[in-house]
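K.L.:
Let me begin by handing over the structure; questions about it come next.
The values are calculated or read from the model by the stated rules, or taken from the named source; none is laboratory data. Not measured: the values here are computed from a predicted model. Quick reminder, even Gly has a Cβ in these numbers, built from the backbone with ideal geometry, and neighbours come from all protein chains shown. Note: accessible area is taken over every heavy atom of the protein model, side chains too, but ligands, DNA and RNA are not part of it. Shrake-Rupley method; radii C 1.70, N 1.55, O 1.52, S 1.80 Å.
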Amino acid sequence: MKIKIMSKAHVKPTKPILGKKQFQLTTFDLPYLAFYYNQKFLLYKFQNLLDLEEPAFQNDVVEKLKDGLGLVLEDFYQLAGKLAKDEEGVFRVEYDADDGEINGVEFLVADAADVSVDDLTTEDGIAKFKELVPYNAILNLEGLSRPLLAVQVTKLKDGLAMGLAFNHAVLDGTATWHFMSSWAEICGGAKSISTQPFLDRSKAGDTRVKLDLASPKDPNAASNGDDAGDATAEPPQLVERIFRFSDSAIHTIKSRANAVIPSDGSKPFSTFQSLTSHIWRHVTLARGLKPEEITVFTVFADCRRRVDPPLPEEYFGNLIQAIFTGTAAGLLAAHGPEFGASVIQKAIVAHDARAIGTRNEEWEKSPKIFQFKDAGVNCVAVGSSPRFRVYEVDFGWGKPETVRSGSNNRFNGMMYLYQGKAGGISIDVEITLEASVMEKLEKSKEFLLVDEDGKKLSNGNGYVNGNGNGNGFV
């Protein structure tokens, strides 16, 4: 793939933000400093190919995006700032229009005229589009000297690829897609965004946590489940795959999980609990674990409505926390989908305001910067959410053909859930596994919901309404 960088610029808020703005990073933000930038990839197919010819592409596409970005940064100006820390090692995000070291958002324009949209959607792996997304293998801590957001817009033969890298120590998925939808809203002709971000991080906590992160460890240094002390061990070959669960498939999975509700206080299982139990169980089977081996399930859950007092959905920053649970592989294999769903549901329900506060207090007393291995042994970990309306991010040339995560922050067992392009309650599951495990998963008729003849199973009439915990998708 031939990609040529045509230009590089930095975009700042169109109207200068007066005064120096400083926001101390909270206990929800700090653990992600040694993760990589959070990458997203959106692919658009142009109906009018004249938009790809010059000077139309530069004037009507690139400048439109840059102008819209400058306007939306007036509200999301923290993304145009930088990370900083004081003499005690307390981190903050700051923006100062008079600070020459603050460059704004990095904006790259590239050309890949021989590449079509179809070229980038025929395979599930990330190798094809890795060069179309900026800041590969860049740690969030580097936000001390790099922009907090980098955008690469690449002109294709018949469309446009948009790669983005967000500093994950500054914002989570909810805030990311709020920003993206607001940017698209402005590019679509709106005079102002419909929903303002809530920028006061102190409402999520104001404890001063001192960190010494001069030389952060690579979060990939010890792969999930591997012996961190075995420097000679060959890392497993990891591959990516997208499994697209249609409305019918989601109905079937949820119906099966709710066919038998355990008599242990479990409530009807949500879509999330049903689907992730289905995936957790079948990944565990594909791994061929011994019955006594432990497998961990981890979900990075939105805590905006869980904290006391609750914070608005528009809160800008990280307000996620990892919820861990686990069980023996043999128990998952021996029981139906309701068993795993019940384990997941109990962990989610138990993670209330008190549990969140206790976790934060413990972390503040003994800060620990996350590494991927901390997700748990033989884990299945969940990020992103199909609640994010990713296929509604329309800058004026239609909805995206596909939305993916980049190469950063992937490890054995990590999966991202996205709204299905087909709409309804369909869900796309993007998962990374060892190649041998993925091969078994792809051949599992029970996992793929197909019969012996390879036909998709119908969902029947057993769809259960009720989400099991009253807190959105999770």
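K.L.:
May I ask you to verify whether residue 305 is more than 18 Å from residue 375 (Cβ to Cβ), part of a strand (DSSP E or B), open to solvent by 40 Å² or more (accessible area, probe 1.4 Å) and out of contact with any Gly (no Cβ under 6 Å at 6 or more places or on another chain)?
P.N.:
Values: more than 18 Å from residue 375 (Cβ to Cβ): yes; part of a strand (DSSP E or B): no; open to solvent by 40 Å² or more (accessible area, probe 1.4 Å): yes; out of contact with any Gly (no Cβ under 6 Å at 6 or more places or on another chain): yes.
Judged against the criteria, residue 305 is not a match.
K.L.:
Test residue 148 against the criterion of being in contact with a strand residue (DSSP E or B) (Cβ under 7 Å, 6 or more places away or on another chain) and either over 28 Å from residue 200 (Cα atoms) or without any contact (Cβ under 8 Å) to a residue 24 or more places away in the chain (or both), and give yes or no.
P.N.:
Details: in contact with a strand residue (DSSP E or B) (Cβ under 7 Å, 6 or more places away or on another chain): yes; either over 28 Å from residue 200 (Cα atoms) or without any contact (Cβ under 8 Å) to a residue 24 or more places away in the chain (or both): no.
So residue 148 fails the test.
K.L.:
Quickly run through the range 257-278 and pick out the residues that are buried (at least 24 other Cβ atoms within 10 Å of the Cβ) and of a type in the set (A, V, I, L, M).
P.N.:
Correct list: 257, 275.
K.L.:
Follow-up question, since we're still on this one. Can residue 23 be described as open to solvent by 10 Å² or more (accessible area, probe 1.4 Å), outside any loop (DSSP other than H, G, I, E, B) and not small (Gly, Ala, Ser)?
P.N.:
Numbers: open to solvent by 10 Å² or more (accessible area, probe 1.4 Å): yes; outside any loop (DSSP other than H, G, I, E, B): yes; not small (Gly, Ala, Ser): yes.
Here the answer is yes, as residue 23 does meet what is asked.
K.L.:
When both residues are 6+ apart or on different chains and their Cβ atoms are under 7 Å apart, which pairs have a first residue that lies in the range 368-382 and is under 14 Å from residue 36 (Cβ atoms) and open to solvent by 10 Å² or more (accessible area, probe 1.4 Å), and a second that is among the aromatic types (Phe, Trp, Tyr) and part of a helix (DSSP H, G or I)?
P.N.:
370/32
K.L.:
Contact list please: Cβ distance under 6 Å, first residue in the range 268-293 and under 16 Å from residue 437 (Cα atoms), second residue basic (Lys, Arg), pairs at least six apart or on different chains.
P.N.:
286/440
K.L.:
While we're looking at this one, here's another question. Which is open to solvent by less than 30 Å² (accessible area, probe 1.4 Å) and free of Cβ contacts under 8 Å to residues at least 60 places away in the same chain, of 311, 319, 332?
P.N.:
On the way: 311 fails: free of Cβ contacts under 8 Å to residues at least 60 places away in the same chain; 319 fails: free of Cβ contacts under 8 Å to residues at least 60 places away in the same chain.
The match here is 332.
K.L.:
Tell me yes or no: at least one residue of the range 147-169 is part of a helix (DSSP H, G or I) and either modelled with pLDDT of 95 or more or open to solvent by less than 10 Å² (accessible area, probe 1.4 Å) (or both).
P.N.:
Here is the first cut: in the range 147-169, the residues part of a helix (DSSP H, G or I) are none.
So far as the range 147-169 goes, no, none of its residues is part of a helix (DSSP H, G or I) and either modelled with pLDDT of 95 or more or open to solvent by less than 10 Å² (accessible area, probe 1.4 Å) (or both).
K.L.:
Being within 30 Å of residue 134 (Cβ to Cβ) and modelled with pLDDT under 90 narrows it down to one of 422, 435, 381, so name that one.
P.N.:
On the way: 435 fails: modelled with pLDDT under 90; 381 fails: modelled with pLDDT under 90.
None of the others qualify; the one that does is 422.
K.L.:
If you don't mind, another one. If I go through the range 344-353 residue by residue, how many of them are open to solvent by 30 Å² or more (accessible area, probe 1.4 Å) and either farther than 24 Å from residue 32 by Cα or touching a residue at least 40 places away in the same chain (Cβ under 8 Å) (or both)? Spell out how you get there, then give the answer.
P.N.:
To start, the set of residues in the range 344-353 that are open to solvent by 30 Å² or more (accessible area, probe 1.4 Å) comprises 346, 349-350, 352-353.
Subsequent filtering for residues that are either farther than 24 Å from residue 32 by Cα or touching a residue at least 40 places away in the same chain (Cβ under 8 Å) (or both) retains 346, 349, 352-353.
The qualifying residues number 4.
K.L.:
State the number of residues belonging to the range 431-440 that are surrounded by fewer than 22 Cβ atoms within 10 Å (Cβ to Cβ), in contact (Cβ under 8 Å) with a residue 60 or more places away in the chain and either of a type in the set (Gly, Ala, Ser) or out of contact with any Leu (no Cβ under 7 Å at 6 or more places or on another chain) (or both).
P.N.:
Count: 4.
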